[in-house]
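Since every read-out is calculated from the coordinates, none of them should be taken as a lab result. All values reported here derive from a predicted model rather than from experimental measurement. No Cβ is skipped: glycine too gets one built from the backbone with ideal geometry, and neighbour counts run over all protein chains shown.
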Amino acid sequence: MASPATPPLMKMMETHMRYLTQRQSVLAQNVANLDTPGYKGQDLKKVNFSDLASAEGQRLSMRTTSGKHLASNNGSGIFARAENRDGFEVTPTGNSVSLEQEMAKISETGSNYQLTSSMYRKFTQMYRSALGNR
């Protein structure tokens, strides 16, 4: 996990990997409830990379030292569930989960995780090389 000395880019990649892990879990739950009457498919709110970058920038900005200062948004709640998303079609039993859509999202999420973890590994190697610790 990130230490206080971890560069912001590395923290953002770690956050993105945690988001993708949680999203994979939610999508798997949708597939598991494919035949459950009345089940509404769920997904996580998308995480915007620029929002993560601005949250890191705000975290390093000036602190409020007076009650008259404006408080900054700390970016909490970025993994909140977007309940009852609209499905491709709704079955007569009220289930809105489409196996094709869920499998496509699972594949996309897995690819994004693989890309992000590969980037994380490369940046770690780059930092080690710059510090002389191969």
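Pop the C-beta distance of Glu108 and Thr6 into the FRET formula with R0 = 25 Å and round what comes out to the nearest 0.05.
0.40
Which residues in the range 98-127 have a backbone N closer than 17 Å to a point placed 7 Å from the Cα of Thr36 along the Cα-to-Cβ line?
Within reach of a label on Thr36, which here means backbone N under 17 Å from a point 7 Å along Cα→Cβ, the range 98-127 contributes 98-99, 102-103.
Rank the residues Tyr127, Tyr39 as a footprinting-exposure proxy: fewest other Cβ atoms within 10 Å of their Cβ go first.
Values: Tyr127 13, Tyr39 19.
Sorted ascending by nearby Cβ count, the order is Tyr127, Tyr39.
Give me Rg over Rh for the range 1-51, both radii from the alpha carbons and Rh done the Kirkwood way, two decimal places.
Details: Rg = 15.1 Å, Rh = 12.9 Å.
Here Rg/Rh amounts to 1.17.
Rank these for me by crowding, Glu108, Glu100, Glu14, going from fewest to most other beta carbons within 10 Å.
Ascending Cβ contact count within 10 Å gives the list Glu100, Glu108, Glu14.
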